[in-house]
1. Need at least 3 residues that are in contact with a Ser or Thr (Cβ under 7 Å, 6 or more places away or on another chain) per element, so show me which helices (runs of 4 or more DSSP H) inside segment 222-292 make the cut, counting only ones lying wholly within it.
2. Within segment 54-61, does at least one residue satisfy the condition of being surrounded by fewer than 22 Cβ atoms within 10 Å (Cβ to Cβ), in contact (Cβ under 8 Å) with a residue 40 or more places away in the chain and touching a strand residue (DSSP E or B) at 6+ places or on another chain (Cβ under 7 Å)?
3. Within the bounds of segment 190-212, is there any residue that is at pLDDT 90 or above, touching a strand residue (DSSP E or B) at 6+ places or on another chain (Cβ under 9 Å), within 24 Å of Ala282 (Cβ to Cβ) and not acidic (Asp, Glu)?
4. Just one of Arg150, Arg163, Arg178 is under 13 Å from Asp307 (Cα atoms), charged (D, E, K, R) and either at pLDDT 95 or above or not assigned by TED's automatic domain parsing to the domain that holds Val268 (or both); which is it?
5. Please go through segment 251-273 and give me each residue that is among the hydrophobic types (A, V, I, L, M, F, W, C) and either in contact with a Gly (Cβ under 9 Å, 6 or more places away or on another chain) or surrounded by fewer than 19 Cβ atoms within 10 Å (Cβ to Cβ) (or both), ordered by number.
6. What residue, among those in segment 79-108 that are aliphatic (A, V, I, L, M) and assigned to a strand (DSSP E or B), is modelled with the highest pLDDT?
7. Could you grab me the full set of residues in segment 73-117 that are of a type in the set (Lys, Arg) and under 23 Å from Gly42 (Cα atoms)?
8. Checking Leu45 against (1) touching a residue at least 40 places away in the same chain (Cβ under 8 Å); (2) over 30 Å from Ala162 (Cβ atoms), which single condition isn't satisfied?
Amino acid sequence: MSAPDEQDVVVVGGGISGVACARALAGRGTPVRVLERAHRVGGRLSSKPVPADAGRVVDLGAAYFTVRDEEFAAVAESWRQRGFAVPWTDTLASREPDGSWSLKSGPERWCAPAGLRTLVDDLARDLRISSGHTVTSVGPGPTVDGRAARAVVLAMPDPQAARLLAPALRAASVVADRAWSPVISVALGYGHRSWEHLSLPGSSSPIGVLSSTLRLRAAFVNGHPDVDLIADDGDRRGDLAPVLVAHSTAERARRHLDDPDGAIAPVVAAVTELLGLSDAPAWTHAHRWSYASPAEPHDGEFSLDDDLVGLCGDGWGSPKVETAWRSGTLLGRAIADRLGA
């Protein structure tokens, strides 16, 4: 695909915030192109075939999404009607630092039967996407790798944006020295679903008995040195595949940023102990997220300065899928307004 021309707004980053931004711009008739360094859009809504020859994708990034915003609710309902997304559960398990377990109710969590990446694919339909395109610099003008653009959006974590922005740009100061926490996601594939009827130590009721609200759909793990979250990928995807996905703590991830596979053994040991499993996984896969969540989110929902360089993503508010969508959508509209579209 050809490079963007100077009449395009250029969105760098094809996660849900960047694609939502581009869709908002396109909806206002503003020429826009998305540049994504990976081979396809998705970002941290990553769904990947694991093992590579299995033909089944595993959600390795976000565990689910929630819906509060009225506009995003309409998008989610459209996904539901077309089979892209389904409500999953409003009750998850919680393991406390003292080892006790309980069930926590909250907002409805949604998931995607074919993987969360399909939601970004859907938003990206009919947009001009240049995949496999690595951007190295954004400069005054604004420019992207020396080529002029009408406006530029960086839809990515702050440390990644900081590496691209010329120091002279106002946006560079917005993302300078912003700390983000890493996560290593470990997928664990088993021969069968041995966690369907678990009775966990310290819990007031067994998880997995007759009532479906007590199934181990996912568990928050509080105060553990190695694991923060365990999700049943087969349950959230609806096919009941014997696959779990565990998200490491930031502390564990930092030890293995140069060797994500090194996190597999301690995470497997933690999952085995936490859930009282007797079987070892038949296969495992580790994926590193160097910038999984902001240590401290920005105030506001996006940034757009007089240089016509914008910033958006889930770092602009509570780090959620919905936040990323709303941040990109609002920024796209703001740019269209600024350009008179």
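1. Fully inside segment 222-292 and qualifying: 264-275.
2. Yes, segment 54-61 contains at least one residue that is surrounded by fewer than 22 Cβ atoms within 10 Å (Cβ to Cβ), in contact (Cβ under 8 Å) with a residue 40 or more places away in the chain and touching a strand residue (DSSP E or B) at 6+ places or on another chain (Cβ under 7 Å).
3. yes
4. Arg150
5. Scanning segment 251-273 gives Leu257, Ala265, Ala269.
6. For segment 79-108, the residue satisfying everything is Val86.
7. Matches in segment 73-117: Arg80, Arg82, Arg109, Arg117.
8. Failing condition for Leu45: (2).
The values are calculated or read from the model by the stated rules, or taken from the named source; none is laboratory data. Everything numeric in this text was worked out from a predicted model, so none of it was measured. Here the Cβ is made from the backbone with ideal geometry for all residues, glycine too, and neighbour counts use every protein chain on show.
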